[in-house]
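Down below is the structure, laid out as structure tokens.
The values are calculated or read from the model by the stated rules, or taken from the named source; none is laboratory data. Treat the numbers as computed from the prediction; the structure is a model and nothing was measured. So basically every Cβ, Gly included, is an ideal-geometry build from the backbone, and we count neighbours across all protein chains shown.
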Amino acid sequence: MKYFSVLLKRTSLVVVAAAVLATMTVQPASAASAGLSITPRKNYTIEPGKEIKDKLTIGNLNPTEDLKLSLRIIDFSFMDESGSPRLMIGQNMSQTTWSLKPFMNLPTQVDVPAGSSKTVDISVKIPQGQGAGSYYSAIQYSSLGDDGGNVNLNASGVSLVFVSVPGTVNEKMTLQKIGNWQRDEGGTGGKYLKIATEKSPSIIGFTLKNEGNVFEAPVGSATLKDTFGNVVTTISEVNPNTSLALLGQSRRFEACIKPIERALDKDGEASKAVSCDKTNLKPGRYTVDLTAYYGQNGNSTHEVNGVATFWYLPLWFIIAVVAVVLLIAFVIWRIVRKLRSATGKGKQVSGFKFKRR
């Protein structure tokens, strides 16, 4: 239990919220735009009846032109199992059950001087009696034209805001799929494969359905065994990126069978990223045994277990097996043919009759 407590502490709201951008495709504008620098996320823990007041710093990366922005609170959900968010940007979109819209206040417009930054006030107030759980929305930034209308410029983006309301929550995650996950060429999708014939399996995937009222980031390990029950490897972190399952989401989590850390240099900043190295597994049948845990701090720890099998049968191995089978069949055919030939000659000799002179 001590091990579980340590793992669960690592999945506190701060860590969970901090990890969501690593698993979602929404990018801070400073990384995706030449015009705007914003805070990619804000995460808070607020008790019912309490309020937090904070500030947003917005930077204008354009050294020559001022920037006029409109700020709007929008809800977001998920697009698929990958964690890519679906921003609800329509004006008449229905409010989600986890929305922060009723609780947040911020300016609707801000002017940022060229090459400078501006700080605006933001507040989140949770009403007395509000139920425990997870609530989240996004702040959308859009460039404004001279007439006040939105324009299609690079200066746009979103900041994700997450709030955890402490208390007893409903936590329920069910395992839907587990096995060998093969990404497609673009890396955005893929499929579970029971039989792999092209590449040596390198990723173990599992899909959990979040049926509770809090977002979850499971932790745990998985063991991979070969045809004879020998342990090939133990994956110590089945959710290495602390990926997040939003409310109502079926979320796929991926872990490398053989992780490798690579150095990155992005915009002059050094960083590290974990990718999947080649595994060079031997052909055969493999079994993956998953043990995962989830639970918000202050609540019970829940366990998820799953077992799945898959085959690795590369084409060269299939061709070799077919060739061997054909060779064995040919040898058997030759032997049978010789035996039949020998038996036929024997019958002919034994049935020979001599004539009297």
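Criterion first (in the same structural domain as residue 41 (by TED's automatic domain parsing), over 31 Å from the mean Cα position of the chain (by Cα) and over 30 Å from residue 298 (Cβ atoms)) does residue 94 satisfy it?
Taking the combined requirement at face value, the residue does not satisfy it.
Within the bounds of segment 227-237, is there any residue that is buried (at least 16 other Cβ atoms within 10 Å of the Cβ) and more than 30 Å from residue 317 (Cα to Cα)?
Among the residues of segment 227-237, at least one is buried (at least 16 other Cβ atoms within 10 Å of the Cβ) and more than 30 Å from residue 317 (Cα to Cα), which makes the answer yes.
Report yes if some residue within segment 232-241 is among the acidic types (Asp, Glu) and either more than 14 Å from the chain's Cα centre (by Cα) or not in a loop (DSSP other than H, G, I, E, B) (or both); otherwise report no.
no
State whether one or more residues within segment 83-93 are in contact with a helix residue (DSSP H, G or I) (Cβ under 6 Å, 6 or more places away or on another chain), part of a loop (DSSP other than H, G, I, E, B) and either hydrophobic (A, V, I, L, M, F, W, C) or surrounded by 12 or more Cβ atoms within 10 Å (Cβ to Cβ) (or both).
yes
Quick check on this structure: which one of 295, 306 is modelled with pLDDT of 95 or more, of a type outside the set (S, T, N, Q) and assigned by TED's automatic domain parsing to the domain that holds residue 178?
Unique residue meeting the criteria: 306.
Is it the case that some residue within segment 229-242 is in contact (Cβ under 8 Å) with a residue 60 or more places away in the chain and either out of contact with any Pro (no Cβ under 7 Å at 6 or more places or on another chain) or farther than 18 Å from residue 85 by Cβ (or both)?
Taking every residue of segment 229-242 in turn, at least one turns out to be in contact (Cβ under 8 Å) with a residue 60 or more places away in the chain and either out of contact with any Pro (no Cβ under 7 Å at 6 or more places or on another chain) or farther than 18 Å from residue 85 by Cβ (or both).
Just one of (1) buried (at least 18 other Cβ atoms within 10 Å of the Cβ); (2) more than 20 Å from residue 249 (Cα to Cα); (3) within 30 Å of the chain's Cα centre (by Cα) trips up residue 61, so point out which.
Condition (3) is where residue 61 drops out.
Any residue in segment 276-293 that's on the phi > 0 side of the Ramachandran plot: show its pairings with residues that are part of a loop (DSSP other than H, G, I, E, B) and loosely packed, with under 15 Cβ neighbours inside 10 Å at Cβ separation under 6 Å, as long as the two are six or more apart or on different chains.
Cβ pairs passing all conditions: 284/227.
Regarding residue 336, is this residue modelled with pLDDT of 95 or more and part of a helix (DSSP H, G or I)?
Answer is no for this residue.
Please go through segment 222-253 and pick out each residue that is of a type in the set (A, V, I, L, M) and touching a Cys at 6+ places or on another chain (Cβ under 8 Å).
Scanning segment 222-253 gives a single hit, 235.
Consider residue 329 carefully, then state whether it is without any contact (Cβ under 8 Å) to a residue 40 or more places away in the chain and surrounded by fewer than 12 Cβ atoms within 10 Å (Cβ to Cβ).
Judged against the criteria, residue 329 is a match.
Tell me whether segment 242-254 contains one or more residues that are part of a loop (DSSP other than H, G, I, E, B), β-branched (Val, Ile, Thr) and in contact with a helix residue (DSSP H, G or I) (Cβ under 8 Å, 6 or more places away or on another chain).
Checking segment 242-254: at least one residue is part of a loop (DSSP other than H, G, I, E, B), β-branched (Val, Ile, Thr) and in contact with a helix residue (DSSP H, G or I) (Cβ under 8 Å, 6 or more places away or on another chain).
Hey, any hits in segment 283-290 for a residue that's among the charged types (D, E, K, R), farther than 14 Å from residue 179 by Cα, in contact with a Ser or Thr (Cβ under 6 Å, 6 or more places away or on another chain) and assigned to a strand (DSSP E or B)?
No, that holds for no residue.
Checking residue 205 against (1) under 20 Å from residue 84 (Cα atoms); (2) part of a loop (DSSP other than H, G, I, E, B); (3) not basic (Lys, Arg), only one condition comes out false. Which one?
(2)
Does residue 197 satisfy the criteria of being hydroxyl-bearing (Ser, Thr, Tyr), out of contact with any His (no Cβ under 6 Å at 6 or more places or on another chain) and at pLDDT 95 or above?
Judged against the criteria, residue 197 is not a match.
Restricting to segment 112-129, give me the number of residues that are surrounded by 12 or more Cβ atoms within 10 Å (Cβ to Cβ) and charged (D, E, K, R).
2
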